[in-house]
Structure formats: C-alpha cells, structure tokens
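What follows is a single structure, written as structure tokens, with notes after it.
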Amino acid sequence: MEQIVFYSLSAVTLIAALGVVTMRNVLHSALMLGVALMGVAGLFAALGADFLFAGQIVIYVTGVAVLVLFVVMLAGRESDLHARQTNEKWPLAVAICAVIFFGFWRCIAPYAGTPTRTQPEPSTRAIGKLLLSDYALPFELISLILIAAMIGAILFSRGGSAAEDAP
Amino acid sequence: MSLSHYLVVSAALFLIGLFGALTRRNTIGILMSIELIFNAANLNLVAFNRYLHFDALHGNVITLFVMGIAAAEAVVGLALLMAIYRNLNTIYAEDFNLLKG
C-alpha cells in the first residue's frame with residue numbers, strides 16, 4: 001500500500017514537473033505547476049507531515065500557482081504560442097543535469113537502507129510550540145520579510161510615476 | 001520506503017527545475033522552475049526530518065520558513081516582471097538588455 005502511494009505520487013509529481021519545463025504554452029505549464037505542487041503536498045502527507053501538507057496546498061497551490069497564472073494571462077501575447085520556448089543550449093543543460101545527478105547519486109547511495117523507525121503522529125502542536133520558543137526570532141523576521149515583499153510588490157506593480165497619478 | 005527513495009525523487013525534481021531554469025526563454029517559466037527547486041529542497045528537509053531526526057520537528061519548521069520566503073520571492077519577482085513587461089513589452093530573458101531605457 002505504501003509503495004503504491006509513494007510511486008503514484010512521485011510519478012504525478014515528476015511528470016507534471018517535466019510538463020512545467022517542456023510545455024510550449026506557458027499557461028499549460030502554469031497549470032502543470034499546480035499539479036506538481038499538489039504532488040509534493042501528497043509526498044509530505046506520505047512522510048507524515050500533516051501541517052506541511054495543508055500549508056503546501058494553502059500557500060503554493062492556491063497562492064503561488066494562482067499568482068503565476070494571473071501573471072501569465074496578464075503578460076502573455078498571442079505570438080507566444082508559436083514562438084520557441086527553449087533556448088538552443090538545451091543539450092548542454094541536459095549534460096549538466098546528468099553530471100549533477102551522478103554527484104547526487106554518490107550522496108544518496110549511503111541512505112539506501114535507512115528505514116523509518118516511528119509511526120507518524122500529528123505534528124501541528126509541536127510545530128506551534130517550536131515556532132514560539134526556539135524559532136521565535138526567525139518567526140518575527142519572516143513577518144518583516146512578508147511586509148517588505150508586500151510593499152515592494154505594490155511599489156513595482158503600481159505603474160507610472162507618482163507625479164502622473166497625483167490629481 | 002527507505003530514505004533514498006524520497007531523496008531520488010527530490011533530486012529528480014531539483015534537476016528538472018534546474019533544467020527549466022537553464023533552458024526556458026520565458027521569464028515566467030524560469031520563475032516556475034525556481035519554485036520546483038524550492039519544493040525539492042523542502043522535500044529533502046522533511047524526508048531527513050522523518051527518517052534521521054524523528055524525535056524533533058526542526059526540519060518541518062524550517063520548511064515552513066522556506067515556504068514563506070518562496071512566497072515572498074514569487075510575489076516580488078512577478079511584480080518586477082510585470083514592471084519590465086510594461087516598459088519593454090517582452091517577457092523573454094534574452095531581450096532584457098537595458099539597465100535604464
């Protein structure tokens with residue numbers, strides 16, 4: 001049962017990720033991004049991280065993927081559908097990825113026989129306690145970063161200069 | 001399932017994202033590939049947390065922080081992209097050759 005869940009979720013994730021990088025229509029690759037993020041959420045659930053499963057769906061699938069979809073539809077042009085979407089260096093990129101995969105394989109091989117020893121248990125309570133004790137300072141800092149990102153996004157997307165907009 | 005299964009999936013996800021970031025001409029495609037790379041890193045963190053350090057949840061908490069940073073990055077990146085599109089009327093990376101224009 002566990003194998004079926006793992007392999008089907010991995011297949012969905014990796015096929016959708018391949019769709020993200022190879023689809024010609026950017027709108028389709030944005031939709032595939034949503035599927036891939038959903039697959040990663042499923043893998044989180046398979047790993048017993050229930051809070052991250054919910055967080056992944058809320059932040060990524062319904063936040064980031066929808067935002068990307070909006071920008072694709074705002075910044076797209078008709079001619080994009082017929083233009084080549086990859087540059088001519090893709091064999092070099094495949095070679096780079098193959099070399100890095102061999103490096104990764106050397107790192108992964110020692111963990112081949114590491115089984116898990118515990119049953120997963122609900123993690124939300126423990127995560128909340130950690131966030132307000134050990135990670136209190138990063139927790140406050142990330143709220144600062146989110147405020148800065150919000151102000152930056154408003155500033156960049158406002159358009160035109162402030163003098164033009166003023167009555 | 002052993003730890004290496006999850007590590008292989010995460011390595012493949014990272015490499016697909018890297019391939020996309022290297023080859024896409026469309027800047028939105030590059031940003032999407034970077035999201036895939038973030039997700040590969042998150043999957044690694046959670047898998048190591050589950051298999052090697054199962055007595056604490058530090059990997060899960062750090063994953064939450066990575067998610068927050070990634071969301072902020074996506075918002076600012078896409079807003080910058082819209083500003084560039086308004087000025088240059090293109091979203092292809094090879095056309096971005098002006099610092100001020």
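The values are calculated or read from the model by the stated rules, or taken from the named source; none is laboratory data. All of these numbers come straight from a predicted model, not from anything done at the bench. For neighbour counting, all protein chains shown are included, and Cβ atoms are generated from backbone atoms with ideal geometry for every residue, glycine included. For accessibility, only protein heavy atoms count, side chains too; no ligands or nucleic acids. Shrake-Rupley method; radii C 1.70, N 1.55, O 1.52, S 1.80 Å.
Things worth noting here:
- Any hit, the stretch B:77-93, residues being within 17 Å of A:Ala54 (Cα to Cα) and either of a type outside the set (Asp, Glu) or facing chain A (nearest Cβ under 8 Å) (or both): no
- The single condition among (1) open to solvent by 60 Å² or more (accessible area, probe 1.4 Å); (2) more than 7 Å from chain B (Cβ to nearest Cβ) that A:Gly113 does not satisfy is (2).
- Taken over the stretch A:26-38, residues that are in contact (Cβ under 8 Å) with a residue 12 or more places away in the chain and open to solvent by 40 Å² or more (accessible area, probe 1.4 Å) amount to 5.
- Subset of the stretch A:118-141 (residues that are within 7 Å of another protein chain (Cβ to nearest Cβ) and either open to solvent by 100 Å² or more (accessible area, probe 1.4 Å) or farther than 18 Å from B:Met1 by Cβ (or both)): A:Ser123, A:Ala126, A:Ile127, A:Leu130, A:Leu131, A:Tyr135, A:Pro138
- Qualifying residue in the stretch A:70-85 (condition: open to solvent by 50 Å² or more (accessible area, probe 1.4 Å) and under 13 Å from the mean Cα position of the chain (by Cα)): no
- Criterion (under 25 Å from B:Ala93 (Cα atoms), assigned by TED's automatic domain parsing to the domain that holds A:Arg24 and assigned to a helix (DSSP H, G or I)) met by exactly one of A:Val61, A:Val71: A:Val71
- Remark: pairs (first residue in the stretch A:115-131, without any contact (Cβ under 8 Å) to a residue 40 or more places away in the chain; second residue of a type in the set (S, T, N, Q); Cβ separation under 9 Å; 6+ apart in sequence or on different chains) = A:Pro115/B:Ser2; A:Thr116/B:Ser2; A:Ala126/B:Asn60; A:Leu130/B:Asn60.
- Residue within the stretch A:87-99 that is in a loop (DSSP other than H, G, I, E, B), over 25 Å from the mean Cα position of the chain (by Cα) and surrounded by 11 or more Cβ atoms within 10 Å (Cβ to Cβ) present: no
- Residues that are modelled with pLDDT under 95, in a helix (DSSP H, G or I) and buried (at least 24 other Cβ atoms within 10 Å of the Cβ) do occur in the stretch B:52-60.
- The residues in the stretch A:142-160 that are surrounded by 13 or more Cβ atoms within 10 Å (Cβ to Cβ) and farther than 15 Å from B:Ala74 by Cβ can be counted, and the count is 0.
- The set of residues from the stretch A:23-49 being more than 10 Å from every other protein chain (Cβ to nearest Cβ) and closer than 20 Å to B:Leu3 by Cβ comprises A:Gly42, A:Ala45.
- Number of the condition not met by A:Ala149 [criteria: (1) part of a helix (DSSP H, G or I); (2) out of contact with any helix residue (DSSP H, G or I) (no Cβ under 7 Å at 6 or more places or on another chain)]: (2)
- Residue check for A:Phe6: within 7 Å of chain B (Cβ to nearest Cβ), of a type in the set (Phe, Trp, Tyr) and surrounded by fewer than 21 Cβ atoms within 10 Å (Cβ to Cβ): yes
- Residue within the stretch A:76-85 that is assigned by TED's automatic domain parsing to the domain that holds A:Thr22, in contact (Cβ under 8 Å) with a residue 12 or more places away in the chain and either out of contact with any helix residue (DSSP H, G or I) (no Cβ under 8 Å at 6 or more places or on another chain) or among the aliphatic types (A, V, I, L, M) (or both) present: no
- Taken together, the residues in the stretch A:43-57 that are in contact with a Ser or Thr (Cβ under 8 Å, 6 or more places away or on another chain) and either within 19 Å of B:Gly68 (Cα to Cα) or assigned to a helix (DSSP H, G or I) (or both) amount to 5.
- Hits in the stretch B:11-40 - residues which are of a type in the set (Ser, Thr, Tyr) and either at the interface with chain A (Cβ under 7 Å from one of its Cβ atoms) or within 20 Å of B:Phe65 (Cβ to Cβ) (or both): B:Thr23, B:Ser33
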